[in-house]
Amino acid sequence: MLAGSFYDCCMIRSAVRNDAAMAVPLILQAIGHIAFVLSGTAEAQETESILKDFFGQEGNRMSYQNTLVMEEDREVVGVAIFYDGAKARELDEPLERAAAKKSGHSDYCIPTEPEASEFYMDTLSVSSGCQGKGYGSLLIEAGCDRARKLGHLRMALLVEADSARAKRLYERVGFRADYTKWIVGQEYFHMVRTL
């Protein structure tokens, strides 16, 4: 685990359960409507509460265990969630069961985002007041370091096809788009980086 990497005025570290209150709003900022898919409800406050609960638990895609946080002056200002694509279904199952119960649809299914052969960046978010400082790039590099240490050969992510600014960020740090994928009615570029 990442003990803590320091950069001028900030630090990247592994998340802990108690980061939920500051981390989940950043996660929601990044994932938008996907949050409602993960929670099984379209109610914003309830979705935030559900995701905070899952953040504090182990063994799911939203868990603190899969999360790195960027701190500036002891405040969480950035967050990135990474996990092994081969474990994606296993990590989605707890969320899927809860969403099925919440929605009343026993056949509820959360779409699988990553390929099994990749280490996946599920979420990257930096608070609006800290954007443009390079924190997103630092979180990406920390995730790539984590992936290498775990023996992965490539990192991947999805970025909304209409988000040119985010796509440019990922291209600047070595990702390239290799195909598009539709998830919940939205088109995404699948982007990969060799580690």
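Here the dipole of the stretch 148-195 is about 360 debye; that uses its Cα centre as origin and unit charges on the Cβ of Lys and Arg (positive) and Asp and Glu (negative). For the pair E187 and E75, label points projected 7 Å from Cα toward Cβ lie 3.9 nm apart.
Extension gain, Y179 to E141, is 11.4 nm, computed as 0.36 nm per intervening residue step minus the present C-alpha separation. The length gained on full extension between K102 and M22, counted as 0.36 nm times the residue separation minus their Cα-Cα distance, comes to 26.4 nm.
What shape does the stretch 73-132 take by its C-alpha gyration tensor, where a ≥ b ≥ c are the square roots of the eigenvalues and a/c under 1.5 counts as rounded, a/b above b/c as prolate, and the rest as oblate? Here the stretch 73-132 falls in the oblate category.
The H33 and R168 beta-carbon pair, evaluated with R₀ = 25 Å, returns a calculated FRET efficiency of approximately 0.65.
Here the dipole of the stretch 39-134 is about 100 debye; that uses its Cα centre as origin and unit charges on the Cβ of Lys and Arg (positive) and Asp and Glu (negative).
Distance between Cα centroids, the stretch 74-92 to the stretch 145-166: provide it in whole Å. If you average the Cα positions of each part, the centres end up 11 Å apart.
Per residue, the chain exposes 48 Å² of accessible surface when a 1.4 Å probe is rolled over the protein heavy atoms with every protein chain present. In the chain, the DSSP beta bridges split such that about 90 percent are antiparallel, to the nearest 5. Taken over the stretch 96-195, the convex hull of the Cα atoms encloses 133 Å³ per residue. So what does the Cα-only Debye profile of the chain read at q = 0.09, 0.12, 0.15 Å⁻¹, as log10 I(q)/I(0), no solvent term? Normalising to I(0) and taking log10 leaves -0.30, -0.55, -0.89. Shown for the stretch 1-126: the carbon plus sulfur share of the solvent-accessible area, taken with all protein chains present and a 1.4 angstrom probe, equals 49%.
The values are calculated or read from the model by the stated rules, or taken from the named source; none is laboratory data. Only a predicted model underlies this, so the values are computations on that prediction, with no experimental measurement involved. In this analysis, Cβ positions are derived from the backbone assuming ideal geometry, glycine residues included, and neighbour counts consider all displayed protein chains. Side chains are part of the model used for accessible areas, which takes the heavy atoms of the whole protein and leaves out ligands, DNA and RNA. Shrake-Rupley method; radii C 1.70, N 1.55, O 1.52, S 1.80 Å.
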